[in-house]
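Here's the structure, in structure tokens; my notes come after.
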Amino acid sequence: MNKLHYPDLQVCVLAAGKGKRMHSNLPKVLHRVLGRAMIDYVLHSAEALCPKAIAVVTGHASEKVREHVGQPINLEWVIQDKQLGTGHAVSQCEEVIRDVRDVLIVCGDTPLLSWQTLAHLVDEHRRLDADVTVLTAQPANPFGYGRIVRDADGRVRTIVEEKDASDDERAIGEVSSGIYCVRHAVLFDLLRSIGNSNAQGEYYLPDIVPLALAAGQRVDAVLMSDPDEMMGVNDRVNLAMVEDLMQRRIIRDWQLRGVTIEKPDTVRIEAGVSIGIDTVIQAGCYLIGRTHIGDECRVGPNSVLVDAWLDDRVNVFAFSHIHGASVGSDASIGPYARLRPEARLDEQVHIGNFVEVKKAVVGRGSKINHLSYIGDASVGVDCNIGAGTITCNYDGANKFKTEIGDRVFVGSDTQLIAPVRVADDATIGAGSTITRDVEPGGLTLSERTQQRYVANWKRPEKESR
Ligand code: UD1
Ligand code: MG
């Protein structure tokens, strides 16, 4: 854990914009990158600095953003009724910012930004004793960003937005990340002086730079080493690019912590996933939501795990789908298995191909190896559930439970008409339709029709023409 602590710093997160370029009903900062809203990443990096407080400026669909974030103790909400620009957004925070030396302004649409970079900006700002410090980058493609205009001595003079820039200015490779550290004592006076006579008719935060210089204040720029970090999401093309970069970061992180990932370009591992050492994730897997995978597991090709829990040494064979289910250690699942919500499999359970398990507990060592549906059920330890066994749990209106004891053997192609109980050590003959509770031990089977033999029967043959 980092031990950063900036008690005389307040962070201001700008998240009021509608995100017109997203063409969405969802506020931009709630769009997800690998399963986590963009604003969550930004808040996480901000919180890592342990600042005095964090102010979040919302406006467009603010209630949705608030509902999503909740109410962390040091977070204050600020409403920007009309989105008149980034400078206007910061000026709305004046009342909630007190008794701090500096204000760190970040945008809610830059999820790749790390806390290390933010800390570096604040440290440099203080080391240089600056009034305004802007975090800059030199991305491969500067299109869309504000350009950093420097004078002949290399000192920052102003920042020009893409839409206001001349051809010469557009040719500048150094851009603004939109992130600033500003001395609190000067910030709000500067903001009061900015105007909106520009291409977008907005109050631009970057305009504090020339205003500070005109007032004789010190302005600096800190160039970030990895330009990817400041990538802002303005449309869904950016969103996909940021997700791609985040994915590489997350995969690399798991690789360095002892996870083997085969064909990493083909897998999706979301931000909320955790994976133990010596686990192998094979090509095409999707690990989604709060999925947890223990040590020494193998997740076979093209499996999808959503909010799934695997203990240690679980083997998931190809094309399995596990959603909201948990699997005990040394169990084996699939290929082509489907575990649905509230399936709870104990250790050493075997689930084979084309088996669906839903809302069912399966005890240690039990096997359901082929073509079965087990739903709203409990299965004891060391049972063998034969091929094609179906728990008939639904009468078209209500669901009923099937309870199977320990060491039960269910013959193939059995229907268990719930509600029904099968006692310990029972054996059910193949092809049975079980409508009443089954006694312990012994053999239970439904009446079978007689088998006939027709001796002089000939198979039809193809007519020759
Ligand atoms: C902004 C910067 C640009 C910088 C780029 C980096 C300005 C004018 N431009 O451009 O210099 O290179 O970020 O990504 O600052 N917001 C509000 N209220 C508003 C307007 C915006 O809260 O009235 C918020 C948005 O929700 C967003 C952030 O401010 O999180 C940035 O706004 P956006 O419209 O994305 O600005 P860019 O065009 O990306
Ligand atoms: Mg932006």
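Using the Cα atoms of region 19-128, I'd like the radius of gyration and the largest Cα-Cα distance, Dmax, both in angstrom.
Rg then Dmax for region 19-128, in Å: 14.1, 43.
Filter Lys18/Lys163; Lys18/Lys64; Lys20/Lys163; Lys64/Lys163; Lys52/Lys163; Lys20/Lys82 down to the pairs with a C-alpha to C-alpha distance above 24 Å, please.
Values: Lys18/Lys163 19 Å; Lys18/Lys64 12 Å; Lys20/Lys163 16 Å; Lys64/Lys163 30 Å; Lys52/Lys163 36 Å; Lys20/Lys82 14 Å.
Lys64/Lys163; Lys52/Lys163, as the Cα separations exceed 24 Å there.
Which peptide among 301-314, 120-133 comes first, and what is the full order, when sorted by highest mean count of other Cβ atoms within 10 Å?
By packing density, highest mean first, the sequence is 301-314, 120-133.
Tell me the label-point distance for the pair Glu296, Glu461, using the 7 Å Cα-to-Cβ offset, in nm and rounded to one decimal.
In this crude label model, Glu296 to Glu461 measures out at 6.2 nm.
Please compute the modelled spin-label separation between Ala171 and Cys50, points set 7 Å along Cα→Cβ, answer in nm with one decimal.
For the pair Cys50/Ala171, the computed spacing is 4.9 nm.
So which lysines can Lys367 reach, going by Cα to Cα under 29 Å and dropping same-chain residues fewer than 8 places off?
By straight Cα distance, Lys367 reaches Lys358, Lys359, Lys399, Lys401.
Kirkwood Rh and Cα-based Rg: tell me the resulting Rg over Rh for region 202-356, rounded to two decimals. Walk me through the intermediate numbers first.
Numbers: Rg = 21.9 Å, Rh = 17.7 Å.
Radius of gyration relative to Kirkwood radius: 1.24.
Using R₀ = 30 Å, calculate the FRET efficiency as 1/(1 + (r/R₀)^6) where r is the Cβ-Cβ separation of Ala430 and Tyr336; round to 0.05.
Details: r = 23 Å, r/R0 = 0.76.
Efficiency, rounded to the nearest 0.05: 0.85.
Throw me the Rg/Rh for region 84-210, computed over C-alpha atoms with Kirkwood Rh, two decimals.
0.94
I'd like the per residue volume of the convex hull spanned by the Cα atoms of region 319-363, given in cubic angstrom. Walk me through the numbers before you get to the answer.
Numbers: hull volume 2.2 nm³, N = 45.
Looking at region 319-363, the number lands at 50 Å³ per residue.
Rank by packing, highest mean first: peptides 170-176, 379-385, with packing defined as the count of other Cβ atoms within 10 Å averaged across residues.
Details: 170-176: 16.9, 379-385: 21.9.
By packing density, highest mean first, the sequence is 379-385, 170-176.
Under a 5 Å amide H to amide H cut-off, with H placed in plane at 1.01 Å, what residues pair with Thr444 once short-range neighbours are removed?
Amide H to amide H, under 5 Å and 5 or more residues apart or across chains, Thr444 pairs with Thr427, Ile428, Gly429.
Once the Cα gyration tensor of the chain is diagonalised, what are the square roots of 5 times its eigenvalues, in whole Å and ordered largest first, as equivalent ellipsoid semi-axes? It would help to have the intermediate numbers written out before the result.
Values: eigenvalues 787, 101, 79 Å².
Ellipsoid semi-axes (Å, largest first): 63, 22, 20.
Let me make sure I get this right: for region 1-63, a, b and c are the square roots of the gyration tensor eigenvalues over alpha carbons, sorted descending. Under 1.5 in a/c it's rounded, otherwise prolate if a/b > b/c, else oblate. Which is it? All intermediate terms of the calculation are to be shown ahead of the outcome.
Working: a/c = 3.82, a/b = 1.84, b/c = 2.08.
Since a/c reaches 1.5 but b/c is at least a/b, the shape of region 1-63 is classed as oblate.
Determine, for each peptide in 229-240, 434-445, the mean count of other beta carbons within 10 angstrom over its residues, then list the peptides with the highest first. Could the numbers behind the result be given before it?
Numbers: 229-240: 17.8, 434-445: 14.8.
Listed from highest to lowest mean packing, they are 229-240, 434-445.
Which of the three applies to region 369-428, rounded, prolate or oblate, going by the alpha-carbon gyration tensor with a ≥ b ≥ c and a/c under 1.5 meaning rounded? Walk me through the intermediate numbers first.
Numbers: a/c = 2.13, a/b = 1.40, b/c = 1.52.
The shape class here is oblate.
Provide the FRET efficiency to the nearest 0.05 for the Phe409-Arg218 pair, computing r from the beta carbons and using R0 = 51 Å. Kindly include the intermediate steps, with their values, before the conclusion.
Working: r = 82 Å, r/R0 = 1.61.
Working from the Cβ atoms, E equals 0.05.
At a Förster radius of 25 Å, what calculated FRET efficiency corresponds to the Cβ-Cβ distance of Val96 and Gln116, to the nearest 0.05?
0.40
For region 145-189, what does the alpha-carbon gyration tensor say about shape, rounded, prolate or oblate, given a ≥ b ≥ c as the root eigenvalues, a/c under 1.5 as rounded, and a/b over b/c as prolate? If you can, show how the numbers build up before the last one.
Numbers: a/c = 2.41, a/b = 1.70, b/c = 1.41.
Taking the square roots of the gyration eigenvalues as a ≥ b ≥ c, region 145-189 is prolate.
Each reported figure results from applying straightforward, stated rules to the coordinates on display, with no laboratory input. Everything quoted here is computed from the prediction, not taken from an experiment. Using ideal geometry, Cβ is built from the backbone for each residue, glycine included, and neighbour counts are taken over all protein chains shown.
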